[in-house]
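Participant: So that we are looking at the same thing, I have put the structure below in structure tokens.
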Amino acid sequence: MIVRDALRSLRDDFARSFFYWLTLLLTSIFIYLFFNMMMSDPDGASLLTAGTDPLATLISVTVIVICMTAILFANDFFVKRKAKELAVRLICGATALQLATYLLIQTVILLIIAIPIGLIIANMMIPMMNHLLASVLNSSLVIANSYEANLMVGIILGFVVFFVIMLNLSFALRNAATMMFSKDIMTASESGIFYLGNVPGVLKKILCLVLWLAPIALFYTTESGMIVYALLSLVGLNMCIDTVFVPWLSARNEKNPSKLRAFVKDGFIRHDLRLLKLNLLLMLGCACLLSTSLVSKQTKPIELLMYTMSFIVMNVLLSLAVLFKYSTDLTGRTRYFMTLDQIGCTDEDSAAIRRGEVIGFYGFITLIGLLYLVNIIAVGHMNHDMSAGFTAVFLIGFAVPLVLCALLSMYSYRRAVSTIHDPR
């Protein structure tokens, strides 16, 4: 009975289950390829050797952390939308053990389907990677399916399985029915990290803008220091969101209080920027780390291929993480659009608000990311002979996942609030 109900729940919630499965699949493929590529390089990139490149170690740790973060957001997206379903079962007499079993069956099914398929696909992709190394990058190095790499992959994927099962088990066992029905479980904290105390407003804004933009200008002084400058710039961007961008949106509303669409849209964008600020900073930090590695390491074909693959996959996973958290928050927007409907907001107004909010939010992420990437690419062109194709892959690999996630968010947003209007 429990197995049948769990399978039916997966089928009924296919879209959410699919994206969770897709995240696990991409993570499995990427981890397998990444470590087999890294451990195939006998001169610099290989792990577990005396000559391991410190940058390779940093990239490896970053890759593992980002994969865990992406899975955390995907799991959060998958499980929290099931909170009310679990609460109903609890109220109807299900025990905590039955509830945990019901949720874990769904999780394990997705893991069993995703990870083996991911490993098979990744193994089939190795000849293609070798072809790219030989024909495009003119390298004689061959990516081998090594025991050490497979051992590392097994350990990491084993931790992924344990990590996901423990998260879902704790979610099922720790929450009472009243907590699962609460809207608080669907939202996250919007608190900031860095503060400037009682610095005057105008001076604070100027200081934040300088802390954000000045390190980007320093990219051109030294190629080896770009990642440090990028991280410093992200600290400034974090403060700019709270002290420059969000107040600017508020000021725009104060000047045009009669424009309902703009007022609501800007209010939602302010909320989105605060809620997803850490996701934005994580995505930009990862993009800067991998892109500067690409620029400084492009003389080594295996590292060029490895970091290019990492750059693209990490952007896909982190874009999905933004989509998951954003879509989770959208479930609480129905009451706002219900209020708008009661004060005379039409379907056209509602659609324009949703469209403007999604375009504004994802447009902000894309433009800020391109600001960093264009300057990093410019440094690469100044110091190296970078091809136009490489530059295109660089920019498209960042922008396209965000555009696709924006389209999915718009569809999810419409679905979330589509039931509030009475038929006319």
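Participant: Got a sec? Which helices (runs of 4 or more DSSP H) wholly within region 171-286 have at least 1 residues that are modelled with pLDDT of 80 or more and within 17 Å of N375 (Cα to Cα)?
Facilitator: 201-217, 226-240
Participant: Out of T299, T292, report the one residue that is out of contact with any strand residue (DSSP E or B) (no Cβ under 6 Å at 6 or more places or on another chain), at pLDDT below 90 and either buried (at least 19 other Cβ atoms within 10 Å of the Cβ) or charged (D, E, K, R) (or both).
Facilitator: Selected residue: T292, the only one of T299, T292 that is out of contact with any strand residue (DSSP E or B) (no Cβ under 6 Å at 6 or more places or on another chain), at pLDDT below 90 and either buried (at least 19 other Cβ atoms within 10 Å of the Cβ) or charged (D, E, K, R) (or both).
Participant: Show the residue pairs meeting these rules: Cβ distance below 7 Å; 6+ apart or different chains; first residue within region 57-68 and within 15 Å of L157 (Cβ to Cβ); second residue modelled with pLDDT of 85 or more and surrounded by fewer than 17 Cβ atoms within 10 Å (Cβ to Cβ).
Facilitator: M68/F163
Participant: Tell me, yes or no, whether region 356-374 has at least one residue that is modelled with pLDDT of 90 or more, closer than 28 Å to L340 by Cβ and more than 18 Å from the chain's Cα centre (by Cα).
Facilitator: Yes, because at least one residue in region 356-374 is modelled with pLDDT of 90 or more, closer than 28 Å to L340 by Cβ and more than 18 Å from the chain's Cα centre (by Cα).
Participant: Checking the structure you have, find out if any residue of region 119-138 is under 19 Å from A15 (Cβ atoms) and touching a helix residue (DSSP H, G or I) at 6+ places or on another chain (Cβ under 7 Å).
Facilitator: no
Participant: Please give the helices (runs of 4 or more DSSP H) falling wholly within region 315-424 in which 3 or more residues are assigned by TED's automatic domain parsing to the domain that holds L289 and either under 30 Å from V65 (Cα atoms) or in contact with an Asp or Glu (Cβ under 9 Å, 6 or more places away or on another chain) (or both).
Facilitator: 347-383, 388-417
Participant: Something else: Here is a check on your reading of the model: is A149 assigned to a helix (DSSP H, G or I) and under 26 Å from the mean Cα position of the chain (by Cα)?
Facilitator: Criteria met by A149.
Participant: Let me ask something else. Looking only at region 334-371, which residues are without any contact (Cβ under 8 Å) to a residue 12 or more places away in the chain and of a type in the set (D, E)?
Facilitator: Within region 334-371, just E348 meets the criteria.
Participant: Report yes if some residue within region 41-54 is at pLDDT 85 or above and either β-branched (V, I, T) or assigned by TED's automatic domain parsing to the domain that holds M152 (or both); otherwise report no.
Facilitator: no
Participant: Let me ask another. Output the number of the condition that D329 fails; it satisfies all remaining conditions of (1) under 28 Å from T221 (Cα atoms); (2) surrounded by fewer than 23 Cβ atoms within 10 Å (Cβ to Cβ).
Facilitator: (1)
The values are calculated or read from the model by the stated rules, or taken from the named source; none is laboratory data. From a predicted model like this one, the values you see are computed outputs, not experimental measurements. Methodologically, a virtual Cβ is constructed for each residue, glycine included, from the backbone with ideal geometry; neighbour enumeration extends over all protein chains shown.
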